[in-house]
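Student: Handing you a structure now.
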Amino acid sequence: MKKVILHQRYVRGRAWDVSGNGNHGVLTDVVPGTGVFDGSLSFNLNRSRIDTLPSATLGEMGGFRFSLTCNWIPVRDHRGTTQPGQGRLLPVMLAEGDASFRLHIGPRPGDTTALDAFVYAEILDAGGAWRGVEHAMTAGGSNGWRRFDMGHDGIATCWLALDGHVVAQSSGVPGPVRPLGSRGLVVGHQAAAQDDLTLRGHVSEAWLWIDKPDPPVNDCCGDSGAVAEVESLLRQKGWDLAKVKSVQRGMVDLVSQWRRHFPDPVGHSLDQTSRSLHQSLQQQQWTDFGNLARQVLHTSQQYVSQDDCNAMGAQMMGLLGDDVLFDPELYQALFRGFLCHPPPGGGKGDDGGKGEGGEGGGKGGRRPWGADASVPEPDLDYDPPPNPEGAP
């Protein structure tokens, strides 16, 4: 279940979080936009940045999605050339989650001319390297307002979207996504103090979603009585929020280890099968679940050695502990908590049920991003899963 943990709107010279989580930004050398840029913040100095420190809700990542609406102004170094627009493109950082993820624009590494712009979406992967996907900006594509989205499923798939369309994805980026470091989330600047990658232009809005549920159980079913019953049982058995999250992190790590055994396109196909498997669990479609499970098992036997299977099985046993393995009541409570049966017709959207215009009313009811911009609704006409097919 995606959950909004940050939604900053850069109006009236502030970086106010309207998600209700209190993740407000602190401005440095940033001023309100004027004229057609009214309702945005202007970045025009080397130290311009918006910092949001980690909090109880802003820290854990796992699977996530980040979105930023901005008007980026390319800056070029014209030394050595007299041709307008032919200087070396200077890279910029659109946003960086400290030691976790980053979204930036620049030339290809090693390109000595650096005339073309590429946008990069990357995470600090399981091996400690920055890896992700890239996409060439189209001719003239840097002009005007753009919405940049990136995300990772917490296992191995990273993706990038421009203006609501996924343009790049890869299932070879091993997670899980690391928690934000001490510098938190920084917009328009590196998380570090260096000023060489500062954005030039304007930003109007930023969003951050995570896939992990915040309470001990997923309340997507909308049955408050059932949720309360599960939470009560978990607490009686000594399972608090911290313990549930610890097991979830361990499970994600195990799945990431398992996923790295499969080369593409086998791995990509297995990701789709795994998503269908999870859906069949949620909907209690046991025949489909059995068939899909056998398919996953058959594929695993071809690529995962028996020794690796035994090692991961031992890690799973250690993660859950005897109290789960030999307590059916506790096992069922955790099962219901992790895989809560969805309500008929689906649940609330990522905007928390506030409707198409967020806090401001219906679609098109607010335009705080400049007169020439298209409406950057974050989750109404664009949802990474399942469009396009295969996106996480």
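Student: Exactly one of (1) more than 30 Å from Lys243 (Cα to Cα); (2) modelled with pLDDT under 80; (3) in contact with a Phe, Trp or Tyr (Cβ under 6 Å, 6 or more places away or on another chain) is unmet by Lys363. Its number?
Tutor: Answer for Lys363: the failing condition is (3).
Student: Separate question: Within region 259-269, restricting attention to residues that are out of contact with any helix residue (DSSP H, G or I) (no Cβ under 6 Å at 6 or more places or on another chain) and closer than 17 Å to Gln295 by Cβ, which residue is surrounded by the fewest Cβ atoms within 10 Å (Cβ to Cβ)?
Tutor: Only one residue fits best here, namely Pro265.
Student: Given the structure, is Arg147 out of contact with any Phe, Trp or Tyr (no Cβ under 6 Å at 6 or more places or on another chain), in a strand (DSSP E or B), farther than 25 Å from Pro265 by Cα and modelled with pLDDT under 95?
Tutor: Here the answer is yes, as Arg147 does meet what is asked.
Student: Keeping to region 321-336, report how many residues are under 29 Å from the mean Cα position of the chain (by Cα) and over 16 Å from Arg235 (Cα atoms).
Tutor: 0
Student: Tell me, which residue of region 101-131 that is among the small types (Gly, Ala, Ser) and either surrounded by fewer than 22 Cβ atoms within 10 Å (Cβ to Cβ) or closer than 19 Å to His202 by Cβ (or both) is modelled with the highest pLDDT? Walk me through it before giving the result.
Tutor: Taking region 101-131 and keeping what is among the small types (Gly, Ala, Ser), we get 106, 110, 114, 117, 121, 126-129.
If we keep only those that are either surrounded by fewer than 22 Cβ atoms within 10 Å (Cβ to Cβ) or closer than 19 Å to His202 by Cβ (or both) as well, we get 106, 110, 114, 117, 126-129.
Details: Gly106: 89, Gly110: 67, Ala114: 59, Ala117: 85, Ala126: 87, Gly127: 88, Gly128: 91, Ala129: 94.
Top of the filtered list is Ala129.
Student: Another question, then. Where residues in region 273-296 are small (Gly, Ala, Ser) and surrounded by 13 or more Cβ atoms within 10 Å (Cβ to Cβ), which of them is modelled with the lowest pLDDT?
Tutor: Step by step, filter region 273-296, then rank; the result is Ser280.
Student: Further, regarding this structure: Scanning for something farther than 18 Å from Arg146 by Cβ and in a strand (DSSP E or B), does region 175-188 turn up at least one residue?
Tutor: Yes, some residue in region 175-188 is farther than 18 Å from Arg146 by Cβ and in a strand (DSSP E or B).
Student: Of the residues Gly181, Gly188, which is under 15 Å from Leu94 (Cα atoms) and over 15 Å from the mean Cα position of the chain (by Cα)?
Tutor: Numbers: Gly181 fails: under 15 Å from Leu94 (Cα atoms).
Within the list Gly181, Gly188, the selection yields Gly188.
Student: Same structure, new question: Evaluate the following for Asp149: is it of a type outside the set (S, T, N, Q), within 13 Å of the chain's Cα centre (by Cα) and under 14 Å from Leu103 (Cα atoms)?
Tutor: Values: of a type outside the set (S, T, N, Q): yes; within 13 Å of the chain's Cα centre (by Cα): yes; under 14 Å from Leu103 (Cα atoms): yes.
It is true that Asp149 is of a type outside the set (S, T, N, Q), within 13 Å of the chain's Cα centre (by Cα) and under 14 Å from Leu103 (Cα atoms).
Student: I've got another one for you. Take Thr138 and decide whether it is surrounded by fewer than 16 Cβ atoms within 10 Å (Cβ to Cβ), at pLDDT below 95 and β-branched (Val, Ile, Thr).
Tutor: yes
Student: Considering only region 236-253, I want to know if a residue exists there that is assigned to a loop (DSSP other than H, G, I, E, B), among the basic types (Lys, Arg), at pLDDT below 80 and more than 19 Å from the chain's Cα centre (by Cα). First the steps, then the outcome.
Tutor: Initially, region 236-253 is screened for residues assigned to a loop (DSSP other than H, G, I, E, B), giving 237-240.
From what is left, the residues that are among the basic types (Lys, Arg) are 237.
Then keep just the ones that are at pLDDT below 80; that gives 237.
Imposing the further condition that a residue be more than 19 Å from the chain's Cα centre (by Cα) reduces the set to 237.
So far as region 236-253 goes, yes, one or more of its residues are assigned to a loop (DSSP other than H, G, I, E, B), among the basic types (Lys, Arg), at pLDDT below 80 and more than 19 Å from the chain's Cα centre (by Cα).
Student: Restricted to region 1-43, and to residues that are in contact with a Pro (Cβ under 7 Å, 6 or more places away or on another chain) and among the aliphatic types (A, V, I, L, M), which residue is modelled with the highest pLDDT?
Tutor: Among residues in region 1-43 that are in contact with a Pro (Cβ under 7 Å, 6 or more places away or on another chain) and among the aliphatic types (A, V, I, L, M), the one modelled with the highest pLDDT is Leu41.
The values are calculated or read from the model by the stated rules, or taken from the named source; none is laboratory data. Quick caveat: nothing in here was measured; it's all calculated off a predicted structure. So basically every Cβ, Gly included, is an ideal-geometry build from the backbone, and we count neighbours across all protein chains shown.
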